[in-house]
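The values are calculated or read from the model by the stated rules, or taken from the named source; none is laboratory data. Only a predicted model underlies this, so the values are computations on that prediction, with no experimental measurement involved. Please note: Cβ atoms are built from the backbone with ideal geometry, for glycine as well, and neighbour counts cover all protein chains shown.
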Amino acid sequence: MKIYVCIKQVPDTETKIKLKADNGGIDPTGVKWVMNPYDEFAVEEALKLKEGGKATSVTVITLGPKARVVEALRTALAMGADDAVVVDAPEDLDPSATAKALAGAIKAEGGDFKFVLTGKLAIDDNAASVSQMLAEYLQAPHATVVSKLEAGDTNATIERETEGGTREVLQLTLPAVIAANKGLNMPRYASLPGIMKAKKKPVKELTLEAVGASAADIRVKFKNYQLPPEKPAVKMISGDSAAQAQTLAKLLREEAKVI
């Protein structure tokens, strides 16, 4: 049985973001692109499941402008994935259209899987909804924010974080869609031999139409992006502790106006 891992290429967290002139999106010029960090946990878990004899192969899938996003696939292939699929698509797909395209790609590959793994969210838009929608399109059980996974032959026991610091234990019938959280594992680094092998591993290219999706599936359009306001300069308070406390209280009352 196969494992599919759906990954996304996102701007590196240290990249300085600039907006397009019309505020209609991010200006990609000079942006450093990386695999979404939460997706790294999904790739690692898929590789561990394969190494444990729970699956026969690991296929990674992504969508976006193929000339750019294929680099994220190469990263996953260098980690140890067997093959990859890229769906050439515009950058502005919303979560629903993304999930439909990913589900179509999996079905185009035969639709036979034991797990579909994703990250719990992508750090660029923080939508945290693609994995849930993907499970609906695939008609498969689903769990997100998963921090522990034990796979059996016909079911999987997962542990997930819930509000208030508690943890929830669920048993899912396989096949299932799992969205990984930080703490599920420690992603491995791509070795030099792995990087060299990744260059020879197959990357299949598909179009949106080939996976049964189109730009018409976009239901949410993001039109007015705004950068957060600049943080005010830090104000240092001098003097002994009593003087500092008095000055701080005055600043909070007169300038910050929070007391």
Check your understanding: Of everything in the stretch 152-176 that's surrounded by 17 or more Cβ atoms within 10 Å (Cβ to Cβ) and small (Gly, Ala, Ser), which residue is nearest to TYR137 (Cα to Cα)?
Key -> ALA176
Revision key, fill the gap. Filtering the stretch 194-234 for residues that are part of a helix (DSSP H, G or I) and touching a helix residue (DSSP H, G or I) at 6+ places or on another chain (Cβ under 9 Å) leaves a count of 10
Review point. Residue check, ALA21 against (1) without any contact (Cβ under 8 Å) to a residue 12 or more places away in the chain; (2) buried (at least 19 other Cβ atoms within 10 Å of the Cβ), all met but one. Which one?
Key: (2)
**Study point:** Residue satisfying condition, being more than 18 Å from the chain's Cα centre (by Cα) and more than 30 Å from THR154 (Cα to Cα), within set LYS20, LYS50, LYS66
**Key:** LYS20
**Study point:** The lone exception for SER131 - which of (1) touching a helix residue (DSSP H, G or I) at 6+ places or on another chain (Cβ under 6 Å); (2) under 16 Å from ASN36 (Cβ atoms) it fails
**Key:** (1)
Point to revise | Filtered residues of the stretch 28-44 (kept if more than 14 Å from the chain's Cα centre (by Cα) and either within 13 Å of TYR4 (Cα to Cα) or among the β-branched types (Val, Ile, Thr) (or both)) | key: THR29, VAL31
Review point. Got a sec? Which of VAL31, VAL10, VAL60, VAL43 is within 17 Å of ASN185 (Cα to Cα) and touching a residue at least 12 places away in the same chain (Cβ under 8 Å)?
Key: VAL43
Review point. Taking the stated definitions as given, is ALA179 surrounded by 15 or more Cβ atoms within 10 Å (Cβ to Cβ), on the phi < 0 side of the Ramachandran plot and at pLDDT below 90?
Key: no
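Just one of LYS54, LYS32 is more than 24 Å from THR13 (Cβ to Cβ), of a type outside the set (Phe, Trp, Tyr) and surrounded by fewer than 23 Cβ atoms within 10 Å (Cβ to Cβ); which is it? Working first, answer last.
Details: LYS32 fails: more than 24 Å from THR13 (Cβ to Cβ).
From the options LYS54, LYS32, the qualifying one is LYS54.
Answer with yes or no whether THR247 is free of Cβ contacts under 8 Å to residues at least 12 places away in the same chain, surrounded by 10 or more Cβ atoms within 10 Å (Cβ to Cβ) and hydroxyl-bearing (Ser, Thr, Tyr).
Yes.
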Practice item. Would you mind telling me which numbered condition in (1) modelled with pLDDT of 95 or more; (2) among the hydroxyl-bearing types (Ser, Thr, Tyr); (3) under 14 Å from the mean Cα position of the chain (by Cα) SER129 fails? Key: (1)
Exercise for review: Pick out the one residue from MET35, MET1 that is within 14 Å of THR118 (Cβ to Cβ) and in contact with a strand residue (DSSP E or B) (Cβ under 9 Å, 6 or more places away or on another chain).
Suggested key: MET35
